[in-house]
Amino acid sequence: MILSDSRILEEIEKGTIKIVPYNRECLGSNSYDVHLGKWLAKYKDEMLDAKKHNLIECFEIPDDGFVLQPFVFYLGATEEYTETHAHVPFLEGKSSTGRLGIDIHATAGKGDVGFCGNWTLEISVKQPVKIYKGMPIGQLIYFPVDGEILVKYNQKKDAKYSGQPNKPIESMMWKNSF
């Protein structure tokens, strides 16, 4: 079951969902539109290593836009800071974004109860596409949770992505033991 617009509004009122900045016009019938923040990043190395801390270079999207290229993997961030304390948030692309050939996440569309931060976007394109900071990039949908949450994401001592800033964050896979 997905929360409707009226239920999302109720949860915002209760403080279990927080979206900053919030704009009522971005609330759809069962989702909330999020926007591309002003920062993008690319990994410094061409070959990435899952056991290594792969560093990124951040750069600001110019006011006149930036052309994303195929076969280049970009990290972005949502303009919106969100908190979700009682629901499972999912970030999906908008149909308008998809119709431009823009994918906004490789595999990480699901958040955890207790996630607090800006969402890092895993961006790739099918052909060159010019993008702009502040453009609608995705939508958040919220699922109710069945059962008690014992430890929320923001309460875990090993939560690698809690409190993400408005800049892209690189993979923290290297912090895992394997």
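Take the conditions among the acidic types (Asp, Glu), within 22 Å of LEU9 (Cα to Cα) and in contact with a helix residue (DSSP H, G or I) (Cβ under 7 Å, 6 or more places away or on another chain) and apply them to ASP112. Does it pass? Before the answer, list the steps.
On the way: among the acidic types (Asp, Glu): yes; within 22 Å of LEU9 (Cα to Cα): yes; in contact with a helix residue (DSSP H, G or I) (Cβ under 7 Å, 6 or more places away or on another chain): yes.
Answer is yes for this residue.
For PHE73, the test of being under 27 Å from MET47 (Cβ atoms), touching a strand residue (DSSP E or B) at 6+ places or on another chain (Cβ under 9 Å) and either of a type in the set (Val, Ile, Thr) or modelled with pLDDT of 95 or more (or both) is passed. Taken over the stretch 132-178, the residue count meeting the criterion of being within 19 Å of LYS94 (Cβ to Cβ) and of a type in the set (Phe, Trp, Tyr) is 3. Checking each residue in the stretch 143-178 for being modelled with pLDDT of 90 or more, more than 18 Å from GLU57 (Cα to Cα), part of a loop (DSSP other than H, G, I, E, B) and touching a strand residue (DSSP E or B) at 6+ places or on another chain (Cβ under 8 Å) picks out only VAL145. One residue stands out in the stretch 99-115 among those that are at pLDDT 95 or above and not in a loop (DSSP other than H, G, I, E, B): the one that is surrounded by the fewest Cβ atoms within 10 Å (Cβ to Cβ), namely ASP103.
The values are calculated or read from the model by the stated rules, or taken from the named source; none is laboratory data. Nothing here was measured: the structure is a model prediction, and the numbers come from that model. All Cβ positions, even for glycine, are placed from backbone atoms using ideal geometry, and neighbour counts span all protein chains on display.
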